[in-house]
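**Student:** Structure provided below as structure tokens; questions to follow.
No value in this document is a laboratory result; all are computed from the given coordinates. The structure presented is a predicted model; accordingly, all values stated were derived computationally and were not measured. Note: ideal-geometry Cβ built from the backbone for every residue, glycine included; neighbour counts use all protein chains shown.
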Amino acid sequence: MAFILLIGVISCTDKPLDVFPDKEWEYDTSKLPPRTVNEAEAFLRTLETTGLMVVQGGKVIYEYGDVAEVSYVASVRKSILSMLYGAHVASGEIRLDATLKELEMSDVGGLFPTEQNATVFDLITARSGIYHSASNSGDLLEYAPTRGSKTPGTYWLYNNWDFNAAGSVFESMTGKNIYDAIYDELAIPILMQDFDRQRQKKDELPAVSQHPAYTTWLSTRDMARLGLLMLRNGRWGDRQIIPVDWIDKSTSVITPFSNMNPDFMRTGPFGYGYMWWIWDGEFASGPYKGGYTASGAHGQWITILPAMDMVVVHKTFWSSSSGIKFNVKRQDYYRLLDLLTGNKPATQEELIIWGGLDVTGEKFNRRK
């Protein structure tokens, strides 16, 4: 059952009521046209998707797979950290202009004097110019310029060191563990159904870096709550959890795709904000106008599409310990988005290809 909040003065000309889920999500599967459902499901059966939710108007309009399963969200964690930053920047606990030198932050082997001039803002926008090895892989460090060659704030590169250091900054300046903050400041107020504090454990590699990766495990349906919180400009019911201006700033393009590095990142469709990927330039049109997304390796996504009042969350189960490693390529996710939004319906050729594949669901069922 959902609770609803009316914004502004009550009148027949007001916009529709905003809907938020209570302990359970409310469903309205009539909103997605049957053709869209059929096309999406035909395509999904060719993928290793393990959880998918589409939310529109605050209600679930489509669901696929096991949306309650808690699993690894990879780099989606970075966008969640951006969400946490908002209230603490507004309160003055976190200063975006503080330099690493002021914060007395360093790392294994030390930082160069120029690197110590990097600010917290540089960290959360991936522009620090610090190309120190991180506690985890999965970034573009192999394409980094020589250390010390770039002035902080002048060169974008997706480097996990920045994001892990931003986590250390958060904990140092707020005095709060990131996972406790997720629980207290996000999970509780938005009524997450599956958040397990005990599942959250940092990846540490102290011989390489002092700054651990704050690895995070969530369910599809809890990720959808985070997406809805962003879609509603940081508000949940009658509570403003994340400041509106932070939502606006963090999801605005700081680095357009034309300025990203290395050059293969300049083909679009995304620019970069405060640890969010933002549809940019000619790509920010139709359903993607004003759109932005969290993105994680192997097929983890929280996508917010304000033009359609829509949130799309996609998961694959990936676990190095169990050896189960499903994966959905980025281009396949983009194609799925085009189907779900009606931006580019399936062609007859695609339907033939998708229909000709094994649709028994064997891969999905194998680990059940």
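**Student:** FRET efficiency for K176 and E282, Cβ-Cβ distance as r, R0 = 51 Å, nearest 0.05?
**Tutor:** Working: r = 41 Å, r/R0 = 0.80.
Using R0 = 51 Å, I get an efficiency of 0.80.
**Student:** Starting from the Cα of D184, move 7 Å in the Cα-to-Cβ direction to define the label point; list residues of the range 72-102 whose amide nitrogen is under 13 Å from there.
**Tutor:** 88
**Student:** Let me ask something additional. Within 10 Å, count the other beta carbons around each residue, average over each peptide in 218-230, 342-354, and list them highest first. Walk me through the numbers on the way to the answer.
**Tutor:** Numbers: 218-230: 24.9, 342-354: 13.5.
Sorting 218-230, 342-354 by mean packing, highest first, produces 218-230, 342-354.
**Student:** If the chain between R35 and E104 were fully stretched, how many nm would it gain, using 0.36 nm times the residue separation less the Cα-Cα distance?
**Tutor:** Working: separation 69, 0.36 × 69 = 24.84 nm, distance 5.75 nm.
Full extension from R35 to E104 adds 19.1 nm.
**Student:** At a Förster radius of 22 Å, what calculated FRET efficiency corresponds to the Cβ-Cβ distance of K329 and A307, to the nearest 0.05?
**Tutor:** On the way: r = 25 Å, r/R0 = 1.13.
Step by step, r from the Cβ atoms, then E = 0.35.
**Student:** On to the next question. Which trypsin sites (Lys or Arg not before Pro) from the range 309-338 combine a DSSP loop assignment with at most 12 other Cβ atoms within 10 Å?
**Tutor:** Values: sites: K315, K325, K329, R330, R335; in loops: K329.
Sparse-neighbourhood loop trypsin sites (Lys or Arg not before Pro): K329.
**Student:** Beyond 29 Å, what percent of the Cα pairs of the chain remain?
**Tutor:** 41 percent
**Student:** Calculate, in nm to one decimal, what Q198 and K249 gain on full extension: separation in residues at 0.36 nm each, minus their alpha carbon distance.
**Tutor:** Value of the extension gain: 15.1 nm.
**Student:** Separate question: Can you give the FRET efficiency to the nearest 0.05 for S91 and K23, using r as the Cβ-Cβ distance and R₀ = 45 Å?
**Tutor:** Given R0 = 45 Å and the Cβ-Cβ separation, E is 0.95.
**Student:** Then there's this: Full extension from T154 to L141: what is 0.36 nm times the residue separation minus their Cα-Cα distance, to one decimal in nm?
**Tutor:** The T154-L141 span can extend by a further 3.0 nm.
**Student:** So how do 61-72, 257-268, 303-314 stack up, highest first, on mean other-Cβ count within 10 Å?
**Tutor:** Descending mean neighbour count gives 303-314, 61-72, 257-268.
**Student:** Working from Cα positions, state the angle (0 to 90°, nearest 10) between the long axis of helix 76-90 and the longest principal axis of the chain.
**Tutor:** 70 degrees
**Student:** Now for a separate question. Taking the mean number of other Cβ atoms within 10 Å as a proxy for protection, how do you rank 105-111, 90-96, 161-167, 130-136 from highest to lowest?
**Tutor:** Put in order of decreasing packing, that is 161-167, 130-136, 105-111, 90-96.
**Student:** Rounded if a/c is under 1.5, else prolate if a/b is larger than b/c, else oblate: which is the range 257-317, with a ≥ b ≥ c the root eigenvalues of its Cα gyration tensor?
**Tutor:** Verdict is oblate for the range 257-317.
**Student:** For T99, what residues show an amide H to amide H distance below 5 Å, using hydrogens built from the backbone and excluding near sequence neighbours?
**Tutor:** The list, which skips near neighbours in sequence, is empty: none.
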